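The values are calculated or read from the model by the stated rules, or taken from the named source; none is laboratory data. Since we're looking at a predicted model, the values are computed, not measured. Cβ atoms come from the backbone with ideal geometry, glycine included; neighbour counts cover every protein chain shown. Surface accessibility is based on the protein's heavy atoms, side chains included, excluding ligands, DNA and RNA. Shrake-Rupley method; radii C 1.70, N 1.55, O 1.52, S 1.80 Å.
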Amino acid sequence: MTFWSDPDGFLANWLIHLLAGIGIPAGVAQAIGFALGAAILATGSLLFVLFLIWLERKMIGRVQDRLGPNRLGPWGIFQSVADMLKIFTKEYITPSGADKVPYNLSPILTVAAVLMVWAVVPLAITVYGVNLNVGLLYIIAVGSLGEMGILMAGWGSANKYSILGGLRGAAQIVSYEIPRFLSCVPVVMWAGTLALTGIASAQTGYV
């Protein structure tokens, strides 16, 4: 039994039966259940990132004797709120002559690639989005979408230096991916599966 989005998931089944009980077609109810599960996973991962930013700011602020991350609100949590507001209120600039579609789509694609990875990451033995039998391969494939965001940002800016920077950044990521892929091979050989739940279970001695 899984926590959310697999067909055997407890909460997914409960919500699907609840929606079907009030007259919503089973297919629509299942789509709503999966969409809500994806929203919960995405929100949870973003909140986790916010927590890590707060923790990093707090630790570095302690080392550098900076007051904000440690004294702004209880436990310095208001510093993260201030950082979030700063990001949302920063001036939005699109260079003149830029191709607006790829230029503005590039950060969305980059963030989406990171969030899509969380769909197969098991947070506990029964808490995960979906149990793909090729979960590790899925992470490798989806994680590579970030390179497209870098290329689109450089190309869409219509600036020669930005294009060269985007190509160089993508080439660097590709060079990092080769040893990353090779490092996954021993794990798959040892666990005997590409599913992340299987790999996690293999670490306890129970496959």
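If you check Tyr161, Tyr138, Tyr128 for being open to solvent by 50 Å² or more (accessible area, probe 1.4 Å) and within 17 Å of the chain's Cα centre (by Cα), only one passes: Tyr138.
Of all residues in the stretch 151-176, those that are in contact (Cβ under 8 Å) with a residue 60 or more places away in the chain have Cβ atoms under 6 Å from Cβ atoms of residues that are of a type in the set (Gly, Ala, Ser), 6 or more apart or on another chain, in Ser157/Ala98; Ala158/Gly97; Ala158/Ala98. Any idea which of Lys90, Lys86, Lys100 is at pLDDT below 80 and open to solvent by 100 Å² or more (accessible area, probe 1.4 Å)? None of the other options fit; the residue is Lys90.
Given (1) in a helix (DSSP H, G or I); (2) closer than 21 Å to Gly37 by Cβ; (3) touching an Asp or Glu at 6+ places or on another chain (Cβ under 9 Å); (4) not hydrophobic (A, V, I, L, M, F, W, C), identify the lone condition not met by Gly129. So the condition that Gly129 fails would be (1).
State all residues of the stretch 90-125 that are out of contact with any Gly (no Cβ under 8 Å at 6 or more places or on another chain) and among the acidic types (Asp, Glu); if no residue qualifies, say none. Scanning the stretch 90-125 gives a single hit, Glu91. If the condition is being hydroxyl-bearing (Ser, Thr, Tyr) and modelled with pLDDT of 80 or more, then the stretch 109-136 contributes only Thr110. Taking the stretch 106-117 as the range and being within 17 Å of Phe34 (Cα to Cα) and open to solvent by 70 Å² or more (accessible area, probe 1.4 Å) as the test, only Met116 passes. Of everything listed in (1) in contact with a Lys or Arg (Cβ under 8 Å, 6 or more places away or on another chain); (2) at positive phi, the single unmet condition for Gly192 is (1).
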